[in-house]
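The values are calculated or read from the model by the stated rules, or taken from the named source; none is laboratory data. The structure displayed is predicted, hence computed values, not measured ones. Note: ideal-geometry Cβ built from the backbone for every residue, glycine included; neighbour counts use all protein chains shown.
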Amino acid sequence: MKKIFLLSLLFNIFSIAQSNFDFEFDYAQFGYDSASNYVEFYYSFNQASLKAEVANSGNNLEALLKIFVQNTLTGDTVVYNQWMVKHQVDTSLNDNQLLIGTLGFVIPSGIYDCRIIGSDIHNPEMNRTITEQIKINPFINGTLNISDIQLASKMVQGSENTSSIFYKNTYEVIPNPNVVFGQSQPALFFMLKSITFNLQQ
């Protein structure tokens, strides 16, 4: 997760005020093998920040997500891609619903510079770039370890929605990329995984 994930509400309000485009990002690492971790990237677009496009099928919101991850030592690029996030909305409703998603990558041990860019496809001037440095120390290393903590806005135990991108081990875990909890989001949920090892090895 972000190096500092418990931020005061005042700080977050100040940060959001500096950017008219409400796009947020967070991440968490989980064990994969002895040389790599599985890194999940969580992102959110506030639909109030996106310009609706009128189409025959309705009003669509379309955002562009770009992720660039580069090894600081070797210069190797391990992630360099972009995705379109599309959602149909009822523009008569004036709310701040979030379009939330997740992407996962297997990343080898090392230190990486990450650049995550979110923008409005129909209004490219509305965008935000977030930079983060991520250190990958494989959790599977012959000792007992605990993964990163994934903060969530909602968790559904025993979920039958196995096709959901948020489904994990019978749970549906909805991330909260802006890591803000307060009156509008009073409950804090979290998930972590313990990484065990075989004593006979």
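Annotations for the structure displayed:
- Residues (of a type outside the set (A, V, I, L, M, F, W, C), at pLDDT below 95 and not in a strand (DSSP E or B)) located in region 44-83: 47, 49, 51, 56, 57
- Of the strands (runs of 3 or more DSSP E) lying entirely inside region 109-172, those containing at least 1 residues that are farther than 25 Å from residue 83 by Cβ, without any contact (Cβ under 8 Å) to a residue 24 or more places away in the chain and not hydroxyl-bearing (Ser, Thr, Tyr) span 150-157.
- Scope region 112-164; condition loosely packed, with under 13 Cβ neighbours inside 10 Å, within 20 Å of the chain's Cα centre (by Cα) and hydrophobic (A, V, I, L, M, F, W, C); matching residues: 146
- Checking 135, 86 one by one, the residue that is basic (Lys, Arg), at pLDDT below 95, closer than 29 Å to residue 172 by Cα and touching a strand residue (DSSP E or B) at 6+ places or on another chain (Cβ under 6 Å) is 86 and no other.
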